[in-house]
Amino acid sequence: MINVGNDWQPLFDIEQVKPYYLELRQFLKHEYSTKTVYPPMNEIFAAFRLTPFAETKVVIVGQDPYHEAGQAMGLSFSVHEDVPEPPSLENIHTEIMNEGVEQGPWSRDLTRWARQGVLLLNSTLTVAAHRAASHSGKGWEIFTDNAIRALGADERPKVFLLWGSYARSKKALISCPVHLILESAHPSPLSAYRGFFGNGHFKACNDFLRKTGQAPIIW
């Protein structure tokens, strides 16, 4: 059983005894013992460990972990500092600079965002090496949808950044009207010029946080 070490634990306690999760756990045991799987097992739940439920101010929904060596680290869009910057993250950085919002020193490791209350949540939390979406449909989506649903029902105002059609499909999980939902194209090179660049999401996010009495994110 996973002990996440913060106020996400009640969700973990509920989900970890459900049949779908027990099946997922057996699948992962086999995958990690027979294949190369990312991220390392101790980083699977990094997003939850770094960003407690009550401290979550912003949710950035990704789909699948990076599937090449050394990239995935349990945070959507983020890679370790010594890994080349993926194109989607490079485009995110470009948009942040273009918007002129509050910024700290840039790092491709987004742990600093997570510690400010940005939940960097992939819908699927593991992937086999070199095989994109290889762990989709195995149960992770149920788990992460329930996490988004819990956040979406919480009455503390949050910003949900939904980039791309897959992330936008999660809008239905967000039930409380106090939240700000921002949607656009995905930052990948295939779609960034079709609505991600110029979306103004980082400024709109910080404006909303200030309006609701919360500290803006130092991007």
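The values are calculated or read from the model by the stated rules, or taken from the named source; none is laboratory data. Everything numeric here is computed off the predicted structure, so don't read it as measured data. Reconstructed Cβ throughout: ideal geometry from the backbone, glycine too, with neighbour counts over all protein chains shown. Each accessible area value is taken on the protein alone, full model and side chains, heavy atoms only, with ligands, DNA and RNA left out. Shrake-Rupley method; radii C 1.70, N 1.55, O 1.52, S 1.80 Å.
Quick notes on this structure:
- Output for the stretch 144-176, where each listed residue is hydrophobic (A, V, I, L, M, F, W, C) and more than 18 Å from Gln63 (Cβ to Cβ): Ala150, Ala153, Val159, Cys176
- Contact map, the stretch 13-36: first residue over 16 Å from Phe143 (Cβ atoms) and open to solvent by 70 Å² or more (accessible area, probe 1.4 Å), second residue assigned to a helix (DSSP H, G or I) and of a type in the set (Asp, Glu), Cβ cut-off under 8 Å, separation 6 or more or different chains; the map is empty.
- Answer residue from the stretch 175-192, given it is within 16 Å of the chain's Cα centre (by Cα) and in contact (Cβ under 8 Å) with a residue 40 or more places away in the chain and is nearest to Thr94 (Cα to Cα) among those: Pro187
- The set of residues in the stretch 37-48 that are out of contact with any strand residue (DSSP E or B) (no Cβ under 7 Å at 6 or more places or on another chain) and closer than 19 Å to Gly152 by Cα contains only Phe48.
- Picking from residues in the stretch 111-155 that are basic (Lys, Arg) and touching a Leu at 6+ places or on another chain (Cβ under 9 Å), the one that is nearest to Leu173 (Cα to Cα) is Arg149.
- Considering (1) open to solvent by 10 Å² or more (accessible area, probe 1.4 Å); (2) of a type in the set (A, V, I, L, M); (3) under 22 Å from Trp163 (Cα atoms); (4) assigned to a helix (DSSP H, G or I), the lone condition that Met73 does not fulfil carries the number (4).
- Lys138 meets all of the listed conditions (1) open to solvent by less than 40 Å² (accessible area, probe 1.4 Å); (2) under 25 Å from Glu23 (Cβ atoms); (3) touching a helix residue (DSSP H, G or I) at 6+ places or on another chain (Cβ under 9 Å) but one, namely (1).
- Residue list for the stretch 164-182, filter: open to solvent by less than 60 Å² (accessible area, probe 1.4 Å) and in contact with a helix residue (DSSP H, G or I) (Cβ under 7 Å, 6 or more places away or on another chain): Lys170, Leu173, Ile174, Cys176, His179, Leu180, Ile181, Leu182
- The stretch 37-67 - residue that is in contact with a Phe, Trp or Tyr (Cβ under 8 Å, 6 or more places away or on another chain) and under 15 Å from Ala129 (Cα atoms) and, of those, most open to solvent (accessible area, probe 1.4 Å): Met41
- Unique match (being in contact (Cβ under 8 Å) with a residue 24 or more places away in the chain and either over 20 Å from Ser88 (Cα atoms) or of a type in the set (Asp, Glu) (or both)) among Ala167, Ala147, Ala172, Ala153: Ala147
- Among the residues of the stretch 11-19, none qualifies, meaning not one is in contact with a Ser or Thr (Cβ under 6 Å, 6 or more places away or on another chain) and either modelled with pLDDT of 95 or more or part of a loop (DSSP other than H, G, I, E, B) (or both).
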